[in-house]
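Comments concern the structure below.
The values are calculated or read from the model by the stated rules, or taken from the named source; none is laboratory data. Owing to the predicted nature of the structure, the values given are computational and were not obtained by experimental measurement. Glycine gets a Cβ as well: all are built from the backbone with ideal geometry, and neighbour counts include every protein chain shown. Please note that ligands, DNA and RNA were not included when accessible areas were found on the heavy atoms of the full protein model with its side chains. Shrake-Rupley method; radii C 1.70, N 1.55, O 1.52, S 1.80 Å.
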Amino acid sequence: MLILNHAAAGQCRPALRALGRRYFAAVKTEEYAKRNYANNLSEYNSVFNSLTAQRKHFLLRDAYEDMMLDGVQPDQDTFRSLILGTLKGSSLQDAFFFADQMKSMGLAPDVNMYNILITLCGKCKHSDQAIQILEDMKNYEVSPKVQTYMCLLNACAATGRLDRVYAIVRDMTAAGLGLNRFCYAGLVTALRNKTPLPDDFGTKIIEFVERSKEWSSVEGSSMTAENVMMGVTEEELYNMPTAEYSHRGGFLNRQLTVYHAAFNACADLRNVEVMEALREMLAKDGKVPDLFIVLQIMRCYLHSGDIDRGVQTFEDYMKSGKPPVVELYTTLVEGAMIGYTPKGMKIAEETLVNMNSRSFFLSPKMGSDLLLAAAGDETGGYSVANYIWDLMDARKIVPQFLSVEAYYKGLKKREIPEDDPRLQHVTKTYNDLRDRRGPGRPIR
């Protein structure tokens, strides 16, 4: 079966829909069979799963519309795959579209799909819609589970709705449901996201971490067989800051979930004092920071302007004998570039050279993010931005449009001859990406 290729990803929806039966109406049956990428329910379901696995979530709706044009009737598994894909791709609009399509065909979402919709609302910072979904469940007589309330708690936490989070906690305890680590992590996240930040932020963070050590009997895994089959981890289901690392072995100590949320909050808020208090608590508990916490400690120091301690944290880990990961290098590079100081830019460049010498490579997203940051250097020699571009170009990786645009404009501001090979190559890449987007096309 032919899976949608990468070139198709750059085209707008009408182009992809042209692959459907309407396009091949006048083509012989055998020719159509060769050129179409799916012919029946099973094949379309495989396409949806493949697109999600390849992180081409933006093509799910296009493929679904092809399915409709081909007259193939979706089933419960189809919509389960589609809604899961929208979670992975953070596409709330498409998620609601698929849920509405499902209902129009007489297929009501089950509780696990509703949980994912609630989580997606939180991920996209729409807690009001998450609460509305709970009402929708009642209308369709779908009984919420403990998981549902935990998803809702963390959805409200994502927008800093501390009042709603406290109300959900009260409802859960009144119903005899104890709070587990994901509930306490949600409380920490709600505190971090509340605007304005409460004056007692530090005290409350420490309090929540301490109280979380008294986990109740519900602390056992809340995962269902359905979630496991769908490939959704608890960190993804509850929108934890560790979600993107939850499928990677050796990255997380899952007993430190509340610490993860707390260290992440301190890094975001550049609160070194509370972060160091958490380090002491962790040591008293007889625990050592896992990789995620090490990254947050580095971020906290670097973002607060303490480059030396950020570098020291990096070096201490590298000397520990534990396996390094590329995120250690990219976190140091990103943090060192803040403010574009000569010292920071020198550290950033040396770290990139060291990373490359140890055969660690930048993913398209990592490289694009670092290039966008490095391109903001308006006074330096642009050597860091040039090196990041060269690293990606050597592996034939084209950065995202915004990153290329920023790099291109940065080069144009410098006194570089128009016939310079680098400028010509970047200009061509920029023009190609701009033309591919088309007029008024949203940036991906």
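Here are the numbers for this structure:
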read-out	value
Within the range 325-443: Cβ-based charge dipole about Cα centre, in debye rounded to nearest 20 (Lys, Arg +1; Asp, Glu -1)	320
FRET E, pair E418, R395, Förster distance 30 Å, beta-carbon r, rounded to 0.05	0.65
The range 37-107: radius of gyration over Cα atoms, expressed as a fraction of 2.2 N^0.38 Å	0.97
Lysines whose Cα lies under 17 Å from that of K88, excluding same-chain neighbours fewer than 8 positions away	K56, K123, K125, K365
Heavy atoms of E210: accessible area, 1.4 Å probe, square angstrom to 10	80
Max mean-square fluctuation residue, GNM over the chain, Cα-Cα springs under 10 Å, options G381, G178, G249	G249
The range 37-107, dipole about Cα centre (Lys/Arg Cβ +1, Asp/Glu Cβ -1), debye to the nearest 20	320
Contact order relative to length of the chain, as percent, for alpha carbon pairs under 8 angstrom and 6 or more apart	8
Positive-end residue, the range 47-185 charge dipole about Cα centroid, Cβ charges, pick of T119, M105, T52	T119
Listed residue (G71, G339, P241) projecting farthest to the positive dipole end of the chain, Cβ model	G71
Charge dipole (the range 246-395, unit charges on Cβ, about Cα centre) - positive-most of F251, C266, L371	F251
For S246, solvent-accessible area (1.4 Å; no DNA, RNA or ligand), Å²	10
Spin-label model distance (nm) - K322 vs K287, 7 Å beyond Cα toward Cβ	1.3
³J(HN,Hα), Karplus 6.51/-1.76/1.60, whole Hz, each residue of the range 59-73, x for Gly, Pro	9, 4, 5, 4, 5, 5, 5, 4, 4, 5, 5, 7, x, 8, 7
Accessible area of the chain divided out per residue, in Å², using a probe of 1.4 angstrom	47
Eligible lysines near K412 by straight Cα distance, threshold 18 Å, same-chain separation 8 or greater	K428
Residue-level accessible surface for H126, protein heavy atoms, 1.4 Å, Å²	80
Net dipole in debye of the chain [+1 Lys, Arg Cβ; -1 Asp, Glu Cβ; about Cα centre; nearest 20]	700
Those residues of the range 323-345 whose amide nitrogen sits under 14 Å from the label point placed on N354, 7 Å along Cα→Cβ	324-337, 344-345
Whole-Å distance, taken between Cα centres, linking the range 47-124 and the range 268-307	38
Aspartates and glutamates with Cα under 14 Å of K322, excluding same-chain neighbours fewer than 8 positions away	D290
FRET E, pair A175, R211, Förster distance 30 Å, beta-carbon r, rounded to 0.05	0.95
Per-residue HN-Hα couplings for the range 39-45 [Karplus 6.51, -1.76, 1.60; θ = phi - 60°; Hz; x = Gly/Pro]	10, 8, 4, 4, 5, 5, 4
Fraction of accessible area attributable to carbon and sulfur, the chain (%, probe 1.4 Å)	51
Kirkwood hydrodynamic radius of the chain, from inverse mean 1/r over distinct Cα pairs, in Å	24.3
